[in-house]
Structure formats: C-alpha cells, structure tokens
Amino acid sequence: MEKLALLYEYQQADAELEAYEKKLKNTATRKQLIKLQSYLKKQQEALRDMENKALVEQNGLSEVEAQYDRMIELLNKKHKDIGEYEKMDPEELDYNVVKDLVHEYETTYENIVKQKRRAVIVQKNAEQTAAKLKDILVHVSQAQKDFATLKKKHEEELRAGAEELDKLRKAAELAASKVDAELLKKYKRIKKNTPMPVTLLQGGRCMGCNMELPSRDLANIKKTDTIIECENCGRILYLQ
Ligand SMILES: [Zn+2]
C-alpha cells in the first residue's frame, strides 16, 4: 500500500499544478486575446478579398475609360466626315451616304452617353470599395493596438504567476520521483483518457465511478500488494 500512498500524494501535487496552469491560461485577458486573434484573422481575409475586388474594379474602370476615349475619337471622325460633305456641291451629294453617316454619328453619340453612365457606376463601385477598405484598415489597426496591449498584460499575468507555478512544478516533480517507475507509467497511461487515475476505495466501491468492487478483488486488495484497476472506469484503486 505504501507504493499507492506515494502515487496518491503525487496525484494531489499533479492536480494542483494542472489547476494552476489552467488558471494562468484561462484569464479574461487571454480569452480576449484569443477572441481578438480570430477577429484579426477574419479581418485580414476580408482585407485581402477587398483588395482583390478593388484591383478588379480599377482595371474595369480603366477599360471603360479607354472605350470611352475610343468612342469620342470615333465621334470626332464622323463629325469631320460630315463636315467634308457639307462643303460639297448639293448636286453631287449621295443622300443615302449622308443619311448613313448621320445615323452612325447619332448611334456613336448614344453609345457615348451609355458609356458615360457605365463609367459613373463603375467609378462609384470603386469608390465604395475603397471606402470599405479604408474602414477595415482603421479597425484592423485599432485591433492590432488592442492586441499588443492585451498581450503585454497577459505576459505580466504569467510573470506574476511564475513563482507559484515553479513551486508547484517542483513539488510535483519531487512527489513523482518517489513513485515506483512502473506505477508512474501506468498512471500516465490511464491519465490520457481518464482524469485523476488513482481513486479511493471506500465501502467496497470505486470513488471514481461508484462501481462496487467484486468481493474477490476486494479480498485481494486487502491482503496483498496487488495493484487493482476498477473494471468499470479503469482507475487504480487505493485503499487508505
Ligand atoms: Zn471506477
């Protein structure tokens, strides 16, 4: 039973150490940090998408403007052509040609008006994207500042807890050094799936899961030094 008493003592020290580590990790500051980190990650993604969108829109705008310039050029040419005809002797004019020319001029003009409208819309979209982009950048910049402040605060918390943590770690190490090596291995194996791997045996029951121990095992545990694990939860049973 001596072996188990030492293991049970180690388990207490191990649990205290873990509880303290958990406490240090689960402060409000750290929770805020994690939240802010995921917010920042999402914003970075949004920023990337928005930058791509802005680029596409900018290219679209350049394209629309280039088309507009080409149409203006075409309109000027038609204007000039009409001017040439105006100088001609009316007798020599082919009215169908003139009619076609005027029609082309009008169509070009209508297209220019449409293109101008298109350009206004594209430009407006590009401006909206740019404004959104700026807005995100402002938020990201603030979040980055907050993150740095919180990180510093959390580091201070960790520093403040370092001494106590070290004390608990050393106590756990000392307690572990007294435990039989094979038994410690078994403890660590069980702990992977079950918290508090050593449990008290009281009134013939496992205190880990409340299962009643078969009388054969109970007799064994009382008589010998055999290590008995609970059939139900797998914990090592310790009779104090
Ligand atoms: Zn049990």
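The values are calculated or read from the model by the stated rules, or taken from the named source; none is laboratory data. Every value quoted in this text rests on a predicted model; they were computed, and no experiment measured them. Note that we place each Cβ from the backbone using ideal geometry, even for glycine, and neighbour counts take in every protein chain shown. These accessible areas exclude ligands, DNA and RNA; they are computed on the full protein's heavy atoms, side chains included. Shrake-Rupley method; radii C 1.70, N 1.55, O 1.52, S 1.80 Å.
Observations, loosely collected:
- When E16, E45, E21, E57 are checked against the criterion of being in contact (Cβ under 8 Å) with a residue 40 or more places away in the chain and open to solvent by 80 Å² or more (accessible area, probe 1.4 Å), a single residue qualifies: E16.
- Cβ separations smaller than 9 Å between residues 6+ apart or across chains give the following pairs from region 130-155 residues that are closer than 19 Å to E51 by Cα and touching a residue at least 60 places away in the same chain (Cβ under 8 Å) to residues that are surrounded by 13 or more Cβ atoms within 10 Å (Cβ to Cβ) and basic (K, R): K132/K53; L133/K53.
- Of all residues in region 32-42, those that are open to solvent by less than 60 Å² (accessible area, probe 1.4 Å) and touching a helix residue (DSSP H, G or I) at 6+ places or on another chain (Cβ under 9 Å) total 3.
- Region 179-216, subset open to solvent by 20 Å² or more (accessible area, probe 1.4 Å) and in contact with a Ser or Thr (Cβ under 9 Å, 6 or more places away or on another chain), residue farthest from E9 (Cα to Cα): C209
- The test for being within 12 Å of the ligand (Cβ to nearest atom) and touching a strand residue (DSSP E or B) at 6+ places or on another chain (Cβ under 6 Å) holds for I228.
- Residue match in region 10-29 (condition: in a helix (DSSP H, G or I) and within 18 Å of the chain's Cα centre (by Cα)): yes
- Among the candidates E163, E110, residue that is more than 30 Å from L6 (Cβ to Cβ), exposed (fewer than 12 other Cβ atoms within 10 Å of the Cβ) and free of Cβ contacts under 8 Å to residues at least 12 places away in the same chain: E110
- Failed item in (1) touching a residue at least 40 places away in the same chain (Cβ under 8 Å); (2) surrounded by 15 or more Cβ atoms within 10 Å (Cβ to Cβ); (3) among the acidic types (D, E), with E51 passing the rest: (2)
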